[in-house]
Structure formats: structure tokens, C-alpha cells
Amino acid sequence: MDNNETTLIITGPNMSGKCLVGESIIFSEMGLIPIEQFKPVKIKPGQFCPFKLIVNGINENKETTHFYYDGKKPTIKLVTKFGYTIEGTHNHPILVRDKEGAEIWRKLGEIKNTDYIIIKRKINLWGKTTKISAQIIKDASKYTYGGRVINYKLPTSLNKDLAYIIGLLIGDGTLTYKNYIYLSNIDKQIITSFNKIIVKYFGCIVKTKKNGVDHYIGSIKIRSFFKELGLDYVNALRKEIPYSILRAPKNIVREFLKGLFDTDGEADNKYGNASVSTSSLKLAKQVQTILLNFGIISSLKEKKTNRNKNYRVTIFGENAIMFHKKIGFKLKRKKVRQNLASKLRMPNYGIPYMKNILKELQNRIVTKTNKLIAIKKVKNINSIFYTYLPTKRNISHKKLKELITYCELNNVNCEELKVIFNNNYFYDSIDIIKKSAKLKEVYDFSISSTHSFVANGLINHNSTFLRQNALIILLAHIGSFVPCDSADICVIDKLFTRIGASDNLALGLSTFMVEMVETSNILNNATENSFLILDEIGRGTSTYDGMSLAWAVLEHIHTKIHSKTLFATHYHQLNQLENQLGGIKNYHISAKEIDGNLVFLRKIEPGGIDKSYGICVAKLAGLPDSIIVRAKEIESSLDLNNNTANLYNSSLPKEESRNEKRTQQKENKLPQKTLFG
């Protein structure tokens with residue numbers, strides 16, 4: 001807004017999401033699932049469908065309201081130094097820490113090399129599925145070899161033993177055979193465990209080849225069973241964690257990882273750092289993401305080999321200690337090396353861009369009188385200001401906790417440090433930013449409260465234009481940085497919002513009454529120095545009543561209150577006010593209607609629009625085609641005739657006679673039976 005503008009009227013359609021590629025792993029109540037697997041069957045590009053799912057958000061688990069599919073779009077891929085990745089549309093926001101020390105939302109297309117990507121490690125959200133469905137048993141039993149098959153038993157639930165041998169097979173198994181299961185390993189402890197579990201749950205004897213390395217089960221039924229659990233007929237380059245493990249509870253996933261690390265993993269003989277190697281990039285990414293759900297940070301790097309590419313997921317320092325405690329090895333010769341990681345060692349990373357906060361805190365400590373302990377007498381705290389700051393060394397969470405403890409002991413305010421410590425984010429620098437050479441299918445969730453969810457460990461956001469302006473003003477007024485290159489923000493005395501639609505039955509208030517009460521409170525308390533955001537005033541009553549009220553409210557704000565206002569509406573008739581009242585300016589959310597389908601351009605542009613696209617949005621929501629067609633007919637008649645009498649006389653569709661319908665119903669009606677026959 002410039003000095004001559006007090007009110008912006010924003011018109012346009014709902015739903016303008018930012019999207020991720022299909023392989024992005026979502027931390028949900030169903031497990032760690034790629035977002036594309038939640039896609040509704042009949043959804044079309046540009047559509048969104050009601051969809052309820054508990055996912056992990058920025059602070060806690062939240063429920064989604066809608067699933068959005070945006071078709072094929074240009075994407076940008078971001079890879080961090082530790083190998084965490086995210087890929088999505090250019091305007092998809094993620095949480096970063098910028099060089100000023102502010103944690104802000106930044107669009108993928110606007111990420112800077114100086115930004116640190118925020119990785120969330122306080123997740124701990126797992127699936128619950130352990131039952132193996134009767135359909136899986138049936139499908140696994142239908143395969144035969146030359147008409148012959150031995151009828152081995154099949155387990156009906158996924159337990160820790162089965163999860164462990166699935167881990168062994170993903171590690172050292174050959175999965176390409178359709179009639180056999182092969183495990184190639186020479187460790188006696190592994191082979192003994194494998195044999196016992198197969199005999200216990202399948203009643204089958206494992207055979208060993210003369211080389212003493214290859215151990216196999218010759219059963220198409222058992223191999224088909226594992227295929228139905230997600231162990232497809234693939235080579236080492238295409239191995240991945242089976243869907244049955246991704247959807248399983250924490251204790252099941254832990255046993256799977258034990259099996260995988262027992263075969264393809266190791267703990268080094270110096271520090272006990274754990275690692276696992278694989279030829280499958282997808283498997284490596286999945287392992288890194290699952291470790292994050294345990295709160296463990298790991299590094300994913302490509303390992304140079306003479307043949308195929310190989311990838312190593314490595315866990316260092318304090319995270320290695322955490323790995324041995326939370327997961328660990330079953331194999332004794334590997335498990336013994338956990339003792340090498342028993343001493344607390346700090347990682348080679350920390351919290352970046354703490355200079356401004358630490359300087360401010362240092363000033364508070366120095367100017368604080370009557371301290372119990374002088375800072376000069378506490379070397380580990382004093383070194384933060386005289387060693388860490390000059391050398392630009394990142395402070396660790398452990399060191400941050402020591403500083404917080406000192407401040408609390410001496411009654412020095414350090415709330416900003418507590419927020420950073422409690423979030424326990426991992427801050428990772430950027431390694432690669434790359435635009436995709438081809439279009440990719442992209443997806444998104446809508447989450448009404450926090451507008452955020454965690455994918456691949458990164459915190460993703462669904463921003464809303466009205467709220468973000470109010471939040472920017474609030475941030476500026478508390479002295480925080482704001483998410484933009486520059487901002488000219490005047491002093492605001494009060495923030496008022498009227499967003500959402502809900503009733504209050506306990507107080508006997510309808511949705512419209514709640515809306516009017518809240519609007520009344522705003523109009524009676526706002527001043528010319530206030531900032532107002534009003535969303536869809538008048539939607540809870542008839543069209544003309546609602547539009548009249550919205551018009552009158554806008555006039556009152558402009559002529560009586562003079563406060564800065566963002567006013568969102570689908571009443572495009574209100575655009576006329578720009579020509580009548582000098583302080584009002586029209587803007588719209590850009591969109592195009594192509595062949596009856598609405599395409600969101602996701603931009604706020606000057607000027608109004610002459611339609612609200614309500615029927616297009618209804619089509620996106622999945623209303624039956626017959627209703628959409630009829631609504632368009634009625635809309636056209638209303639535009640032409642401008643009165644409902646002509647509408648009913650001219651365009652009412654042919655309807656079957658009610659008498660004919662009742663007669664037909666009587667003829668087809670069966671005699672009423674009693675409850676007892």
C-alpha cells in the first residue's frame with residue numbers, strides 16, 4: 001500500500017497451493033509414505049479433494065483437510081550438504097535460517113546459497129499396520145510352478161522376526177528370482193537366525209550351496225508372499241524399503257533396520273560411527289529419512305566404485321551414540337563396537353548465524369547487576385563470546401544448553417535461546433540447487449491451522465496471503481526480521497482479523513451471527529493506526545444481503561476509520577468502489593479458465609476480476625457433472641434475465657411427474673415384513 005491507499009480489495013478463486021514431487025516422503029499416521037500414494041483415484045490436474053490424514057507439522061501432528069493435484073509442472077531440486085533433498089514447484093516455501101539469523105519461509109525458486117535448510121528431527125510419527133491381509137495370503141498362494149506347489153504355511157501378521165529377515169534380504173538378498181529366495185552371507189549368526197525364522201513361520205528348510213555363501217528357499221509361494229509385502233523382483237540398483245515396513249510401527253521398523261545394518265552396515269573400529277552402503281539411491285534416501293524419524297541425523301554421500309554407483313549413509317558423533325541406543329546391531333561382532341561411541345562427542349555442525357543474538361545476550365549479561373557468578377569465572381560460557389564469535393564457529397545445542405543454564409541461574413532473559421534449543425532443529429547448508437529438465441507431477445496438502453507439514457525431513461508450508469501480511473507486521477513490531485528483501489511498515493496499534501466460518505452452538509450463534517459479532521468488534525475498536533484483514537464478509541446470508549453488508553462495511557472503514565485493510569471477497573461487484581472512493585485499490589489472485597477447467601497462476605496482481613469462479617471451484621471439489629452443467633445454465637439465465645421468475649419460466653429442466661413417480665413407486669413397492677418374518 002502507498003500513502004494514498006488504505007484498503008485493498010482482493011478477489012479471485014480459492015485454492016492456490018504450492019506443490020512437491022510424488023516421491024516426497026510424508027511423515028503420517030499411516031507411516032512414511034510418498035505423497036503420490038495419497039492421490040485420489042479420479043482427481044484431475046488443478047483439482048483438490050477433501051482428504052483427512054494426520055501428518056507431522058511444524059510444532060505438532062495436524063490433520064489435513066484437502067489433497068491437491070497440480071498435474072505436471074516445472075520443478076526445482078535442492079540437495080543439502082548432508083544429502084537431504086526436496087523437490088517441488090518454484091514457489092513452494094520451506095523453512096530456512098537466513099544469514100541475519102531469522103528463521104523464515106523461503107520459496108524453492110528464491111533459496112539463497114547463504115541460507116541454511118531447517119531439518120526437523122523431533123518427529124516420531126509411525127504407521128500402525130502389522131496385519132497381513134487375507135488378500136495378500138490369497139494372492140501369494142495362487143502362483144504355481146508347472147502346476148505343482150508345496151503348500152507351506154504363511155504368517156498372518158508382520159512381527160519383529162519377519163521384519164528382521166526382510167532387512168537381511170534387502171541387504172544381502174537376491175530378489176530377481178521368482179521361484180527362489182536367496183541370501184548370500186557367511187556370518188554364522190546371521191545364517192542361524194535366518195534358518196530359525198524361516199522354519200518357525202513358514203515350515204520350510206533353508207538349503208545352502210556348496211560355496212557356503214548362498215542360502216536359498218525353493219518355493220514360489222514363499223517368494224510370492226514376500227513380493228506381496230513389497231519385495232519386488234528387482235536387482236540391487238532398484239532395491240527399496242518395502243511398503244509393509246514403511247507403514248509399520250516403530251518397533252517393527254527398528255528390527256528391519258537391524259537386519260539391514262547387520263548385512264550391509266558396519267561400525268568403524270575407531271569411533272564406532274555407523275554406516276550402511278547400497279547401490280540403490282532410493283533405498284539410501286529412505287534409510288536416511290527413517291533414521292530422522294528416530295531423531296538421528298545422517299549423511300548421504302556417493303561412494304566411488306569401479307562399477308555401479310554406490311551410496312553410503314553414515315552416522316557420526318552424538319548421532320552414532322543415539323543409533324546404538326535406539327536401533328543398534330544384532331550381530332555381536334558389530335554390536336561390540338558401540339562401546340567406542342560411548343563417550344559424548346560433538347558433531348561437526350551447529351546453529352548458524354547466532355552473532356546478533358549472542359551479542360545482544362552478552363550485553364544483557366554484562367549490564368546485569370548482582371549476578372551470582374561473574375561470566376569471567378565460567379570459562380566454558382565466557383569462551384562462547386571470546387572464541388566462538390570471533391572465529392564464526394557455530395554453537396552446538398549442548399553448548400547452547402550450558403549458556404541457557406547460566407542465564408537462568410543469574411536471572412538473565414534468554415527466551416530466544418530457549419526457543420532455538422526446544423525446536424532442536426538441524427541446520428544444513430546447501431550443496432546443490434538444480435532446475436529439473438522435464439515437467440513432473442506435483443502434489444500438496446491443505447492444513448487449516450499451521451499450514452505446514454514435514455516432507456523428507458524438511459518443513460514445508462502452505463501460505464495464505466492475508467495471514468502472512470498480518471504475521472509480517474507482527475514480526476516487524478517485535479523487532480524481528482521479516483521474510484522479504486525490504487519492507488516499509490508503518491506503526492500499527494492493533495491487528496484485527498475476521499477469517500474463517502464456524503458457528504457457536506453453545507452460545508446459540510449461527511455462522512453468520514458469529515461473523516457479524518466479530519465484524520462489529522472490529523469496527524467498534526479499530527483506529528486509523530490499526531491493520532485489518534477481512535475475509536469474505538457477508539458470505540453467511542443471501543447474496544444481495546451479503547454484498548450490501550460487505551459494501552457498507554468497506555465504505556465505513558474507508559470514510560470513518562481510515563485503517564489499513566486487506567478485504568478478500570468473491571463479490572466482484574465491489575470492484576466499483578475503486579472508482580468511487582480514492583483510497584481503495586483492487587487486486588486479484590490470477591487464474592485462467594481453459595476448456596472449463598480453472599488453472600491457478602498463484603500471483604497477486606493489480607486490478608479486479610468480473611467473476612468469482614465459484615462453479616469452477618465446485619467442479620474441482622468433485623461435484624457431479626450434472627450439477628455443474630445445470631449451475632452454468634442457471635448462471636447464464638440469471639445474467640440474461642436478472643430475475644428468478646424468468647429463470648423458472650425459461651430454463652427449468654423437464655421433470656418427471658410426481659404423480660407418475662408415486663404411481664410407479666406403489667407398483668414396485670413390496671409388502672412390509674415384520675421383524676420376525
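Just so you know, all these numbers are worked out from the coordinates, no wet-lab data involved. From a predicted model like this one, the values you see are computed outputs, not experimental measurements. All Cβ positions, glycine included, derive from the backbone under ideal geometry; neighbour counts span all protein chains shown.
Overview of results
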| read-out | value |
| --- | --- |
| Inter-part distance where the range 272-317 and the range 76-128 are each reduced to a Cα centre, Å | 20 Å |
| FRET E, pair residue 471, residue 308, Förster distance 51 Å, beta-carbon r, rounded to 0.05 | 0.60 |
| For residue 204, distant residues with modelled amide H under 5 Å away | 199 |
| 5 angstrom amide H check on residue 565, placed H, neighbours 5+ away | 7, 8, 532 |
| Difference of contour (0.36 nm per residue) and Cα-Cα distance, residue 209 to residue 325 | 38.1 nm |
| Zone of residue 176's modelled label, taken as backbone nitrogen in the range 241-280 under 15 Å from a point 7 Å along Cα→Cβ | 279-280 |
| Spin-label pair residue 521/residue 387, simplified geometry with 7 Å Cα→Cβ offset, distance in nm | 5.3 nm |
| Pairs beyond 21 Å (Cα-Cα), from 81/379; 99/355; 128/200; 73/107; 62/401; 209/304 | 81/379; 128/200; 62/401; 209/304 |
| Whole-angstrom gap from the range 524-554 to the range 158-196, using each part's C-alpha centre | 66 Å |
| Approximate spin-label separation residue 485-residue 237, in nm, with each point projected 7 Å along Cα-to-Cβ | 4.4 nm |
| Under Karplus coefficients 6.51, -1.76 and 1.60, residue-wise ³J(HN,Hα) of the range 306-320 in Hz, glycine/proline x | 7, 10, 6, 4, 10, 10, 10, 9, 10, 10, 10, x, 4, 6, 5 |
| Residue 124/residue 159 FRET efficiency (R0 30 Å; Cβ-Cβ; nearest 0.05) | 0.90 |
| Cα-projected label distance for residue 555 with residue 359, points at 7 Å along beta-carbon direction, nm | 5.4 nm |
| Loop sites in the range 223-256: chymotrypsin sites (Phe, Trp or Tyr not before Pro), DSSP, at most 16 other Cβ within 10 Å | 233 |
| Sorted by Cβ neighbour density within 10 Å, fewest at the top, the residues 477, 215 | 477, 215 |
| Length released on extending from residue 137 to residue 634, taking residue separation times 0.36 nm less the Cα-Cα span | 173.6 nm |
| Packing-based exposure ordering (other Cβ within 10 Å, fewest first) of 275, 636, 244, 486 | 486, 636, 275, 244 |
| Hits among aspartates and glutamates - C-alpha to C-alpha of residue 131 under 17 Å, sequence gap 8 or more where chains match | 29, 139, 161, 228, 255 |
